[in-house]
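Just below is one structure, and these are the notes that go with it.
Bear in mind these aren't lab numbers, they're just calculated from the coordinates by the rules spelled out. The shown structure was predicted, so the numbers you read here are calculated from the model rather than taken from an experiment. In this analysis, Cβ positions are derived from the backbone assuming ideal geometry, glycine residues included, and neighbour counts consider all displayed protein chains.
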Amino acid sequence: MIAPMTPAQITAAIESLESWRYDSDRRALYRQLLFPGFPQALSAMMEIGFAAEQADHHPEWANVFDRLDIWLTTHDADGVSQKDVDLARVINRLMIGRLRQ
Ligand code: H2B
């Protein structure tokens with residue numbers, strides 16, 4: 001069982017995580033990604049998906065055409081944990097140069 005982060009810890013993490021915010025309804029880190037088109041969104045999902053599988057930590061997400069909404073929350077902790085912050089950083093790194101300008 002992994003511990004959830006405190007509100008103060010989440011706030012501090014968000015400040016160091018570009019483009020993510022806290023979604024209190026879902027107790028999750030949230031980021032929206034906009035791609036040039038559907039193929040780019042789909043391949044990003046594959047890449048993020050394999051990184052998530054490797055970390056054994058999986059995103060909640062929704063794709064519509066060129067848009068991908070991602071929520072990172074830890075089911076085992078019923079909130080945000082360090083695993084979500086780590087995956088958010090991986091996603092930010094993977095998405096450099098991939099997004100619609
Ligand atoms: N992903 C997320 N987001 N939260 C979890 O608590 C979680 C997971 N648990 N992926 C993992 C899988 C767990 O079910 C396995 C057994 O390690």
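Could you list all residues from the range 22-32 that are over 10 Å from the mean Cα position of the chain (by Cα) and surrounded by 12 or more Cβ atoms within 10 Å (Cβ to Cβ)?
Within the range 22-32, Tyr22, Asp23, Arg26, Arg27 meet the criteria.
Need the failing condition index for Asn63 against (1) under 22 Å from Ala8 (Cα atoms); (2) away from the ligand (no atom under 16 Å from the Cβ), just the number.
(1)
Given the structure, is Phe50 within 14 Å of the chain's Cα centre (by Cα), among the aromatic types (Phe, Trp, Tyr) and exposed (fewer than 12 other Cβ atoms within 10 Å of the Cβ)?
Yes, satisfied.
I need a count of the residues in the range 55-101 that are more than 12 Å from the chain's Cα centre (by Cα), closer than 16 Å to Met45 by Cβ and either outside any helix (DSSP H, G or I) or not aliphatic (A, V, I, L, M) (or both).
8
Confirm whether Phe35 is over 14 Å from the mean Cα position of the chain (by Cα) and buried (at least 19 other Cβ atoms within 10 Å of the Cβ).
Judged against the criteria, Phe35 is a match.
Here are Leu87, Leu68: which of them is surrounded by 12 or more Cβ atoms within 10 Å (Cβ to Cβ) and in contact with a His (Cβ under 8 Å, 6 or more places away or on another chain)?
Every option except Leu87 fails the conditions.
Provide a single number: the residues in the range 24-60 that are within 16 Å of the ligand (Cβ to nearest atom), in contact (Cβ under 8 Å) with a residue 40 or more places away in the chain and touching a helix residue (DSSP H, G or I) at 6+ places or on another chain (Cβ under 9 Å).
Summing the residues that are within 16 Å of the ligand (Cβ to nearest atom), in contact (Cβ under 8 Å) with a residue 40 or more places away in the chain and touching a helix residue (DSSP H, G or I) at 6+ places or on another chain (Cβ under 9 Å) in the range 24-60 gives 5.
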